[in-house]
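Report on one structure; see the data block that follows.
Coordinate-derived values only; no laboratory data. A quick note: this is a predicted structure, and the numbers were derived from the prediction, not measured.
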Amino acid sequence: IAFHEVFMNVAHNGVFGSQWAMTVSRTANLLFLLAYCAYVENWHRKGAFHEYYEAAKAITRKMCIRALRLSFSGILMVFGEAFSFEMTVVMASQLGEVALNAHMIVLNIATFSFMCGPMALGTAASIRVGNLLGAGDPYRAKRAAWLIVAMSVAWMGCCAITIITSNKTIA
């Protein structure tokens, strides 16, 4: 909040000041978090920096290309999702202030229902399935994956019922 006040109002940068405020505050947050972790974990005494340096030296161009190939579809998916959300806001803004506010409420509800359910469960599932596959147990990995699918469907069903039955209250 302080950075927004300084960059937007004191320096009179307006919208551009908001962007700079977010950049500076997130950079400061990262630096303070790293400093705190380094202090609490005694990284300087445990040789963590040397270990990191040795690991970084072992990275090859071939490894980077392989990682990029593996992650490219995920990058496109996240970009497409983010872009589509931005485009819906742009289109809703053409409808007027009330419609834009209603749209933002709907987006917040959709974000909450997705992030607290399928996204969180999917993250846990990827770890669990990866561990089971690494342990050489594909049967249990498949069961765990289908369990998460069922839990995600149940969560989204509950969210849908809640939204449908309380739509007058929400509006």
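Roughly speaking, what is the stretch gain from His103 to Ala124, that is 0.36 nm per residue apart minus the C-alpha to C-alpha distance, in nm to one decimal?
On the way: separation 21, 0.36 × 21 = 7.56 nm, distance 3.00 nm.
Taking His103 through Ala124 to full extension adds about 4.6 nm, to one decimal.
As a test of understanding, state the convex hull volume per residue of region 1-58 from its alpha carbons, in Å³. Show your work: numbers first, answer last.
Numbers: hull volume 5.4 nm³, N = 58.
Spread over its residues, the Cα hull of region 1-58 gives 94 Å³ apiece.
Averaging sequence separations of C-alpha pairs under 8 Å and six or more residues apart, then dividing by the length of the chain, give the relative contact order as a whole percent. Let's see the in-between values first.
Values: 63 pairs, mean separation 18.9, N = 171.
After rounding, I find 11 percent.
Test of understanding: what is the full-extension gain from Tyr36 to Met151, defined as 0.36 nm times their sequence separation minus their Cα-Cα distance?
Values: separation 115, 0.36 × 115 = 41.40 nm, distance 3.68 nm.
Roughly 37.7 nm would be gained on extension.
Using Stokes-Einstein with the Kirkwood hydrodynamic radius over Cα pairs, what translational diffusion coefficient do you get for region 24-157 at 4 °C and a viscosity of 1.567 mPa s, in µm²/s rounded to a whole number?
Details: Rh = 19.5 Å.
Using the Kirkwood radius from Cα pairs, D works out to 66 µm²/s.
Between Phe72 and Thr23, 0.36 nm times their residue separation minus their Cα-Cα distance comes to what? Mind dumping the intermediate values first?
Details: separation 49, 0.36 × 49 = 17.64 nm, distance 2.54 nm.
Contour length minus Cα-Cα distance gives 15.1 nm.
Take every Cα-Cα distance within region 97-171, group them into 5 Å bins from 0 onward, and report for each bin the whole-number percent of pairs it holds.
Histogram of Cα-Cα distances, whole percents per bin: 3, 15, 19, 17, 13, 10, 8, 6, 4, 3, 1, 0.
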